[in-house]
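As structure tokens, the structure follows; a few thoughts come after it.
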Amino acid sequence: MIWKPFLLGPIFKAQGWDTSPFSIYPEKGENMWRDLERRAEKYGLPFNRAAEDLFPQNSVLAARAAIACLHEDWGHEFCRRVFHAAFVEARDISDPDTIADCVEACGGVPRIYLHMAYANAQKDALRANVEDARSQRIYGAPSFVVDDELFWGDDRLEDAFEWAKRV
């Protein structure tokens, strides 16, 4: 499985939205937050509803840092820690201190990866990932693409694995 950080903002803009559909449609947003609570409970994961106060977050820095960190053996752990910071600690993932803490917790050197996050290589890679997501008709996250089949939502991961076995 290849992890490819991308931004939902440009995907939403292409659909005519200025923000998350969970903010545009309050009933959908309320159900999404309640669903997150239920799923976190189901999987024994911590969750902090206070994260709603920061939603939607600017994830540009986090995505660029993820692109840099995913080259390391602890890259997936970094991504998990960013989600933990956002949805358990209700921290601002656009804050360099938050990203630095996530890098450091994984054993990386924060100043190196923050420097990389601001470098043109990560900016270009993120733009390319957004264009790749658009070209594959991705409209939300998480999404899983197996050949030309798109599976959207964390509850579709097993379906994507089953499809991959068929091809």
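Overview of results
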quantity: Odd one out for Ala133, checked against (1) out of contact with any helix residue (DSSP H, G or I) (no Cβ under 7 Å at 6 or more places or on another chain); (2) closer than 15 Å to Leu7 by Cα; calculated: (1)
quantity: Single unsatisfied condition, Phe12 versus (1) buried (at least 17 other Cβ atoms within 10 Å of the Cβ); (2) assigned to a helix (DSSP H, G or I); (3) in contact (Cβ under 8 Å) with a residue 12 or more places away in the chain; calculated: (3)
quantity: Test result for Val130, over 29 Å from Ala14 (Cβ atoms) and assigned to a helix (DSSP H, G or I); calculated: no
quantity: Filter pass, Ala90 being part of a helix (DSSP H, G or I) and of a type in the set (Gly, Ala, Ser); calculated: no
quantity: Qualifying residue in region 36-58 (condition: of a type in the set (Phe, Trp, Tyr), part of a helix (DSSP H, G or I) and at pLDDT below 95); calculated: no
quantity: Qualifying position, being touching a Phe, Trp or Tyr at 6+ places or on another chain (Cβ under 7 Å) and among the hydrophobic types (A, V, I, L, M, F, W, C), among Ala14, Ala85, Ala51, Ala100; calculated: Ala51
quantity: Residue count, region 133-167 (criterion: among the hydroxyl-bearing types (Ser, Thr, Tyr) and not in a strand (DSSP E or B)); calculated: 2
quantity: Among the residues listed as Ala160, Ala86, Ala125, Ala90, the single one being closer than 18 Å to Trp3 by Cβ, among the hydrophobic types (A, V, I, L, M, F, W, C) and touching a residue at least 40 places away in the same chain (Cβ under 8 Å); calculated: Ala125
quantity: Residues satisfying the stated conditions in region 145-160, i.e. closer than 19 Å to Tyr43 by Cα and either among the basic types (Lys, Arg) or exposed (fewer than 14 other Cβ atoms within 10 Å of the Cβ) (or both); calculated: Gly153, Asp154, Asp155, Arg156, Leu157, Glu158
quantity: Any pair with Cβ under 7 angstrom, 6 or more apart, that starts in region 95-112 at a residue that is over 15 Å from Glu77 (Cβ atoms) and in a helix (DSSP H, G or I) and ends at one that is modelled with pLDDT of 95 or more and among the small types (Gly, Ala, Ser); calculated: Thr98/Ala85
quantity: Among (1) modelled with pLDDT of 95 or more; (2) assigned to a loop (DSSP other than H, G, I, E, B) - the single one Gln122 does not satisfy; calculated: (2)
quantity: Check on Phe78, surrounded by 15 or more Cβ atoms within 10 Å (Cβ to Cβ), without any contact (Cβ under 8 Å) to a residue 40 or more places away in the chain, out of contact with any strand residue (DSSP E or B) (no Cβ under 6 Å at 6 or more places or on another chain) and not basic (Lys, Arg); calculated: yes
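The values are calculated or read from the model by the stated rules, or taken from the named source; none is laboratory data. Worth saying up front: this structure is predicted, and the values here are computed from it rather than measured. We place every Cβ from the backbone using ideal geometry, glycine too, and count neighbours over all the protein chains shown.
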